[in-house]
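The values are calculated or read from the model by the stated rules, or taken from the named source; none is laboratory data. No experiment lies behind these values; they were computed from the predicted model shown. Neighbour counts run over all protein chains shown; Cβ positions are idealised from the backbone, glycine included.
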Amino acid sequence: MTGADRPILELDEVSAAYGPYRALFGVSFSVARGAVVALLGPNGAGKSTVARVASGLVPASSGSVRVDGRDVAGEPAWRIARFGLAHVPEGRGVFDSLSVEENLVLSFQRRGGRGQISASLAQAYERFPLLKERRQDRAGTLSGGQQRLLSLAKVLVVPPKVLIVDELSLGLAPGVVDDVYAGLADVRRKGTALVVVEQQVDRALALASSAVVLERGTVAYYGPPSGARAAVEEVVDRRARGRAQAASS
Amino acid sequence: MEQLLGFAVPGVPYGCAYAVFAVGLVLTYQTTGVFNVGYGAQAYVSAFIFAWLVDDHAWPTWAAFVCAVVIVGPGLGLALDRFLFRRIPSSNTTAKIVTGLSLLVGIPALLPVVFGNQNLVGAPSIVFNPDTVYFHLGADVPVNGIYLSAVLLTVVMLVVLVLLLRTTRLGLEMRAAVESPRLLELEGVNARRVTATAWAVCGLMAGLAGVLLAPTEVTVQAQDYVTLMVAAIAAAAIAALRSMPVAAVVAVLIGVLSLTAQGYLPTSSFWYSAALPAFPFLVLVGALLFVPGLRHLDEATDPLSSVDPPPPPPAARVRGREVDRLVRTVYLALLFAFVVSMLTWMPPTWETVLNQGMAYSLVFLSVTLLTGTAGQLSLAQATLAGIAAFTAGQLANHLGLDFLVGGAVGAVAASVVAGMLALASLRLRGLGLALMTLAAALLFDVAIFPAQAVSGGTGGITLEPRWLPLDLFAPNGHAYFLVVLLVLVICAGGVALVQRGTVGRFLAAMRGSELGAAGIGVNLPWQRVLAFALSGALAGVGGALLAIQQTVIAPGEFNYQLSLAFVVIVVTTGVGTVEGAIQAGIGLVVVQQLMQYAPQRLQGLTFVLFALGALAYAAHPEGVVELEKRRWTERAERALARRHRAPATPAVTGRP
Ligand SMILES: Nc1ncnc2c1ncn2[C@@H]1O[C@H](COP(=O)(O)OP(=O)(O)OP(=O)(O)O)[C@@H](O)[C@H]1O
Ligand SMILES: [Mg+2]
């Protein structure tokens, strides 16, 4: 395989666990350069765990993870980040005790290079004026949605090679969600591959070039976005039936 | 004016010494998230080695400086990070405080063992000659090298550190690493290396401070040491552990004000003898009560903590019914064997030792209740025990009260003091609360226990044992044993009942999350006061019983270091359970007694066990003994499951 058509992110039979609690059982899929993969599934299916394994926050107990062709299993998260993978975790993803500007600078100085800091800052403030207003405030004083915006601003301004966003639109106002999707489309044009975990299934599928549906830590569907909708419904259905059976027996 | 200068200027080196340490505390807190009171001990190590190399080995000053400050300072910092603090989860405030404090106690004790006794007085100076008078302030206030070194060091250090922390990339990353190493790693930064660098920088600064301040003689004398530490903590607290310049200014003010007041106050007055030594404590308590920033310490939690697996359940929780029955039988058999042995063949020395162990167990039960169940760290448990002991002693000697009655009164007194302490610190949590209790303990050590009226002065109180109803047993027989056993069984049962009952649930909820507990309707202030009062009573009972056995109680016997040792011992063996407290009490005295048989040279090594305890605690916050018990229980469960040929059900199920 030549460098150009080698997938940027590949998971091969990945299993993972939190201490004694096993969460993933042989998950495989890959993300081509510039592609968008929608990662779907009910609560607790393992979407966040997949994201964490890819970024090195949770070690894979077996299987292999390749970023840009390099096997990164066992590598610490910071090295994986330097290979060009960025992970925006679900929930709060900013340093509360640092100011908004310090949060941005911290991110830009590693990923953008030192000379680019002020240019990147200007760009971030231009795109998200709200951050400019609050730039001297501690990030902990921002609202949940504003914090979310701050953590997305970091990666949208200096795009990585592959970006994993967990719970993309959770907690954001509809107008802001539009902005963020516009930003994603923009970084994608610049060549960034995306893995999007999203509650708004239709919206994610509209952007996606393929979809993965997880069910209890295994892949239930992996294919074009058109079939994903049905797969998600099937999984949800199966769960409901399983629960009803458990209740009646 | 001339006179004011004359009194104030000598305060400057003291103030600067306080400032250097206060800045160090703020620095370590900001860059590593640890309130490292062991910072003072780190400085001491470098000063010590520097003097040792120059005086005993005739090294040139520059070489000794390089060795003591440039190599040993950061090296020690790195070692602390590598072997202690790295293993402590950042959310575990208790572990961090306890580890820092045990360094403070352990390191100065270790040095003489390694290097032999060293006299640091007259330590070499590297910048200005301490004895040369460089110029005069006003007409005749001489300014010598000591003043110049101190001021120079403080100013340079402050400027360098503020620049480092506020303007450099590394400073930014250090502050970020404190909040969430994992989030920092997602930015492509090696958070471990950043934290290690922070420790190395702090170690370097501590070493520099130690070497430059040693000639001023403020850092080297044991009695100054506590004052130094408290003044530095007070200044750091007023700066809310955030601003280094504020901490430095306040520290200098404390030094200058104390010495100025000392100059003006008549030596015989109450103010001179009692209020002056207490001054830094009062500043500290004031800061804890009134500085709003201290109420929100340690509040920034790691946003990625949901990545960690949940902590393992305690041994008792994974026990099935069969193993449970077995364990109970073994416990009962042990208890029975213990009582029978004590009454029959146990040699008197060992009976005394084990009695003492049971009394300690009572004090440790107070830690179990307060720290294990309610999640509140108190560094004043020995002080509370002391309050009860002295109360009982004074009542026995002056009113001829039976010691058991006196002990009960003492326990009530300890309970009241504990309750008041809790009331005073209602708005503090975690580190703030620990500091408040530490301040209280130190205040008692310095100002209250040494008083003639409390402890009978330096000689202590001698007790005439009076046992009204129990004199029926032989005077030197097993009366004491039976009393302690009875009290221990009652108290242990009581604590177990409290833990299982509603109050225990409330306290456990408070330990888990104060906010959450308040949300389900737990009256937090009341629960906290209750927990402190109950624990004060337990500590008091234990203290009074210890005192009866000893017959002489000296003022220094219930000092803050003992409180510290108590907390370390209990958290090491298992802080959550009643058995944990008893294991700790008996274990402590047995180890102490065995050390008596060890060669003289090793006598000082108890503190090494102490340090090891802190180390073990850092690695296993649930306690080593608890950990082993869980492992064995799980093993037993598995063996049983095999024997029954039932499909092995794992202790914890993999999936819902
Ligand atoms: N820290 C943890 N400790 C133990 N188990 C965990 C932990 N985090 C997640 N799990 C378990 O791992 C499984 C997968 O969780 P994960 O968070 O990946 O799900 P998810 O698909 O992201 O769900 P959601 O849509 O709710 O975010 C779940 O069964 C969950 O209970
Ligand atoms: Mg999730």
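Overview of values
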quantity	calculated
Residue count for region A:140-158, restricted to those that are under 21 Å from the mean Cα position of the chain (by Cα) and either touching a residue at least 40 places away in the same chain (Cβ under 8 Å) or within 16 Å of ligand 1 (Cβ to nearest atom) (or both)	11
Condition broken by B:Thr61, with the remaining ones in (1) β-branched (Val, Ile, Thr); (2) in contact (Cβ under 8 Å) with a residue 12 or more places away in the chain; (3) surrounded by fewer than 21 Cβ atoms within 10 Å (Cβ to Cβ); (4) under 30 Å from B:Pro181 (Cα atoms) satisfied	(4)
Selection status of B:Val201, at pLDDT 90 or above, under 28 Å from the mean Cα position of the chain (by Cα) and within 14 Å of chain A (Cβ to nearest Cβ)	no
Failed item, numbered, when A:Tyr21 is tested on (1) within 16 Å of ligand 2 (Cβ to nearest atom); (2) on the phi > 0 side of the Ramachandran plot	(2)
Any hit, region B:618-626, residues being among the acidic types (Asp, Glu), more than 16 Å from ligand 1 (Cβ to nearest atom) and modelled with pLDDT of 75 or more	no
Any hit, region A:45-59, residues being modelled with pLDDT of 90 or more, within 16 Å of A:Ile164 (Cα to Cα) and away from ligand 1 (no atom under 16 Å from the Cβ)	no
Residue that is more than 30 Å from B:Met229 (Cα to Cα), part of a loop (DSSP other than H, G, I, E, B) and out of contact with any helix residue (DSSP H, G or I) (no Cβ under 7 Å at 6 or more places or on another chain), where the choices are B:Gly493, B:Gly521	B:Gly521
Where A:Val162 falls short, out of the listed (1) at negative phi; (2) within 16 Å of ligand 2 (Cβ to nearest atom)	(2)
Residue selected from region A:201-224 under the condition within 14 Å of another protein chain (Cβ to nearest Cβ) and of a type outside the set (Lys, Arg), by the criterion nearest to ligand 2 (Cβ to nearest atom)	A:Leu214
Test for A:Ser151: is it within 16 Å of ligand 2 (Cβ to nearest atom), of a type in the set (S, T, N, Q), assigned to a helix (DSSP H, G or I) and within 23 Å of A:Ala35 (Cβ to Cβ)	yes
Where A:Glu198 falls short, out of the listed (1) more than 14 Å from chain B (Cβ to nearest Cβ); (2) within 16 Å of ligand 2 (Cβ to nearest atom); (3) surrounded by fewer than 16 Cβ atoms within 10 Å (Cβ to Cβ)	(3)
Sole residue being within 16 Å of ligand 1 (Cβ to nearest atom), without any contact (Cβ under 8 Å) to a residue 24 or more places away in the chain and closer than 22 Å to A:Leu214 by Cβ, chosen from A:Pro89, A:Pro20	A:Pro20
Among the residues listed as A:Arg243, A:Arg239, the single one being within 16 Å of ligand 1 (Cβ to nearest atom), more than 18 Å from A:Leu11 (Cβ to Cβ), in contact (Cβ under 8 Å) with a residue 12 or more places away in the chain and within 14 Å of another protein chain (Cβ to nearest Cβ)	A:Arg239
Selected residue (criterion: nearest to the other protein chains (Cβ to nearest Cβ)) from residues of region B:152-170 that are without any contact (Cβ under 8 Å) to a residue 24 or more places away in the chain and over 29 Å from B:Asn129 (Cβ atoms)	B:Arg169
Flag for B:Val178 being modelled with pLDDT of 85 or more and either part of a loop (DSSP other than H, G, I, E, B) or more than 14 Å from every other protein chain (Cβ to nearest Cβ) (or both)	no
Candidate set from region A:1-18 (those that are touching a strand residue (DSSP E or B) at 6+ places or on another chain (Cβ under 8 Å) and over 23 Å from A:Pro160 (Cβ atoms)); member that is nearest to ligand 2 (Cβ to nearest atom)	A:Ala17
Count of residues meeting criterion [within 16 Å of ligand 2 (Cβ to nearest atom), over 12 Å from the mean Cα position of the chain (by Cα) and either within 14 Å of chain B (Cβ to nearest Cβ) or not in a loop (DSSP other than H, G, I, E, B) (or both)] in region A:25-69	8
Residue within region A:124-147 that is among the hydroxyl-bearing types (Ser, Thr, Tyr), modelled with pLDDT of 90 or more and buried (at least 19 other Cβ atoms within 10 Å of the Cβ) present	yes
Whichever residue in region B:18-58 is of a type in the set (Phe, Trp, Tyr) and within 27 Å of B:Leu284 (Cα to Cα) and, among such residues, is surrounded by the fewest Cβ atoms within 10 Å (Cβ to Cβ)	B:Tyr29
Filter result (out of contact with any Gly (no Cβ under 6 Å at 6 or more places or on another chain), closer than 22 Å to A:Ala51 by Cβ and facing chain B (nearest Cβ under 7 Å)) within region A:87-101	A:His87, A:Pro89, A:Gly91, A:Arg92, A:Gly93, A:Phe95
Residue within region B:58-71 that is outside any helix (DSSP H, G or I), in contact with a Ser or Thr (Cβ under 8 Å, 6 or more places away or on another chain), outside the structural domain of B:Ser513 (by TED's automatic domain parsing) and not small (Gly, Ala, Ser) present	no
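Listed here are the residues, each with its yes/no results for (1) under 24 Å from A:Gln147 (Cβ atoms); (2) of a type in the set (D, E, K, R); (3) modelled with pLDDT under 90.
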{"position": "A:Leu39", "(1), (2), (3)": "yes, no, no"}
{"position": "A:Ala73", "(1), (2), (3)": "no, no, yes"}
{"position": "A:Ile80", "(1), (2), (3)": "yes, no, no"}
{"position": "A:Ala86", "(1), (2), (3)": "yes, no, no"}
{"position": "A:Arg92", "(1), (2), (3)": "yes, yes, yes"}
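Yes/no per residue for (1) within 12 Å of chain B (Cβ to nearest Cβ); (2) touching a residue at least 40 places away in the same chain (Cβ under 8 Å); (3) part of a helix (DSSP H, G or I):
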residue	(1), (2), (3)
A:Gly74	no, no, no
A:Asn103	yes, yes, yes
A:Phe108	yes, yes, yes
A:Leu121	no, no, yes
